[in-house]
Amino acid sequence: MRERVLAAQVVLPCSNLDDTLAFFTGTLGFRVDSVAPAESPTTAVISGHGVRIRLQPMPRSAPGVIELLCRDPSTVAGGRLEWIAPNGTRVELVPAEPPATLPPLRPSLVVSLRSEARWNVGRVGMRYRDLVPDRQGGRFVASHIHIPDGGPVPDYVHFHQVRFQLIYCYRGWVRVVYEDQGPPFVMDAGDCVLQPPRIRHRVLESSANLEVIEIACPAAHETVADHALALPTAAFRPEREFEGQRFVRHRASAAVWQPWRLPGFACRDLGIAAATGTLAGACVARRSAGPAASPMIRHDADLLLTFVLQGELTLCCEGRAEQRLGAGDCFVIPAGMAHALKDVSSDVELLEACSPAGTSPVI
C-alpha cells in the first residue's frame, strides 16, 4: 500500500475561504495548489512546511479526515476505500488526479440580462458573472469575466480539469502564455482560444475593463496550480494534443466570413469543432444581406448558448413572452424548443457556442 500512495492531505472545515486562505498564505506561508470553482471558490488545496491541506465546506463538528492520494484507489487495498481510526479520524483513498465527471444534463431555457447581473469575486480577484446559473444540471458553466483595472494580473501557472474550455475576448485586451505554444501573445477583442484539458497557461496582464466570456464543461472542475513549470516553455509544439484536443488561437483580424446556419447572417468559425473532434463548436455571427428575422426553428444539441456581443434582437420562444435583448445579454435554448430571432438590428453580432458541434436547425 505504501508504494501506491502518492501523497496525503488533511481535510479541514472552512466556511470563509477568502479569510482562511489569507491567513494560511499570508501569515503562515502556505501556497495555493488548487481552487474550485474558479468563479466563486469554496474549496482549496494548500501546501507548506511538509503539510498538504484541503479546505472545504463541512460541519465544524465533523471528524478529522486524512485523504491518501493514489493513481487508482481501487488497486491499493483490495478495493477498500475508507478506514476509521480509533480516535475517530476518517482515512480515505482518493484519486490523485480525479477525472472530470459529467453530470446528467438538465436542459432549460435561460435568459441572462446584463442589467440584472450579479458579480462575484473569483480566482485572483477577477469578477465573475454567471451566465447560466442552473448550469444545465452541472454539465456546463459560462462566465462573463471582468478585470476593472489594467496592468499585471496576479495569476500563476495553472491548468483546468475540464472536458473543454474556450475563452473569447469580448472587450479590451489580455496578454497570455500557453504551454508549448510559443512566447506570450495578446488577445484583442474578437479573438478566441481553446484551452485543451490540462494545458498549462497564465494570464500576464490586461487592459483596463477587460471582459472575456468563458464556457466550459463540466461546470464543477478544479483549477490546479503548477509551481514547477515556467512559461513560456522552450518547445514550440502547435500540433501537440492534450487529451485528444489541440490548442486553438483564433484571431478576428484574419477571420474568413461565411454563410451561417440562419438566413441573413454570416459567421466566422472559431476553430473549436476541429480542435475538439466536434465535442464543442463556436462561431461569431453577424447580420448580412437578407431579412431581419429567422424562421421558427428547433435544435437537438446538449448546449446552444448565444451571447449578444453588440446590437439588439427580439428572442421568441414557444410558450414564452417575447424579450428584447442587447449587448451583454445571453440566452440558452434547450433542445426541442421552437424559437426565432426577429427585429434584428443591422449591427448585431452574436457569439454562439454549442455542444456537440455541428448543430443544425430543424424548421
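Each value in this text was obtained by applying a stated rule to the coordinates, not by laboratory testing. Since this is a predicted model, take the numbers as computed values, not measurements. Because the Cβ atoms are built from the backbone with ideal geometry, glycine has one as well, and the counts that use them run over all protein chains shown.
Between Glu92 and Ala321, the contour length at 0.36 nm per residue exceeds the Cα-Cα span by 77.3 nm. The trypsin sites (Lys or Arg not before Pro) of region 44-99 that DSSP puts in a loop, and whose beta carbon has at most 13 other beta carbons within 10 Å, are Arg60, Arg71, Arg80. In this simple spin-label approximation, Ala235 and Arg118 carry label points 7 Å from Cα along the Cα→Cβ vector, and these lie 4.5 nm apart. A Förster radius of 51 Å, combined with the Cβ-Cβ distance separating Ala62 from Glu312, puts the computed FRET efficiency at roughly 0.50.
Relative to the current alpha-carbon distance between Ala208 and Arg171, full extension at 0.36 nm per residue lengthens the span by 12.4 nm. For region 231-291, GluC sites (Glu not before Pro) meeting the loop criterion (DSSP other than H, G, I, E, B) and having at most 14 other Cβ atoms within 10 Å: Glu239, Glu243. If you run the Gaussian network model on the chain, springs between alpha carbon atoms under 10 Å, then out of Pro107, Pro41, Pro98 the most flexible one is Pro98. Need one number: nm distance between label points at Ser108 and Ser345, each 7 Å from Cα along Cα→Cβ, rounded to one decimal. That separation, rounded to one decimal, is 2.9 nm. Each of [x] -0.25; [y] -0.45; [z] -0.32 is a candidate for log10 I(q)/I(0) by the Debye sum over Cα atoms at q = 0.06 Å⁻¹; the one calculated from this structure is [x].
Shown for Ser15, Ser206: other C-beta atoms within 10 Å of each C-beta, ranked fewest to most, produce the order Ser15, Ser206. The distance separating the Cα centre of region 290-352 from that of region 151-188 comes to 29 Å. By the Kirkwood approach, averaging reciprocal distances over each pair of separate Cα atoms, region 141-226 gets a hydrodynamic radius of 13.0 Å.
Note on the chain: GNM, Cα springs under 10 Å; of Gly264, Gly88, Gly122, the largest mean-square fluctuation is that of Gly88. Amide H contacts of Trp173: Ser207, each under 5 Å away and 5 or more positions distant or on a separate chain (H built 1.01 Å from N in the peptide plane; Pro and chain starts excluded). Calculated mean residue ellipticity, 222 nm, the chain: -500 deg cm²/dmol, from DSSP H runs (n ≥ 4) at -39500 (n - 2.57) each, averaged per residue and rounded to 500. For region 296-363, the set of trypsin sites (Lys or Arg not before Pro) satisfying both a DSSP loop assignment and a count of at most 12 other C-beta atoms within 10 Å is given as Arg320.
What FRET efficiency, computed as 1/(1 + (r/R0)^6) with R0 = 56 Å and r the Cβ-Cβ distance, is obtained for Ala292 and Glu243, rounded to the nearest 0.05? That gives a FRET efficiency of 0.85. Exposure proxy for Ile66, Ile53: other Cβ atoms within 10 Å of each Cβ, ordered fewest to most, give Ile66, Ile53. If a paramagnetic tag sat 7 Å from the Cα of Trp83 along the Cα-Cβ line, which residues of region 1-39 would have the backbone N under 12 Å from that point? It comes to 1-2, nothing else.
Can you pull the Rg over Rh of region 2-95, Cα-only, Kirkwood? Taking Rg over the Kirkwood Rh, I get 0.99.
This ranking places Asp18, Asp180, Asp191 by how few other beta-carbon atoms lie within 10 Å of each, fewest first, which gives Asp18, Asp180, Asp191.
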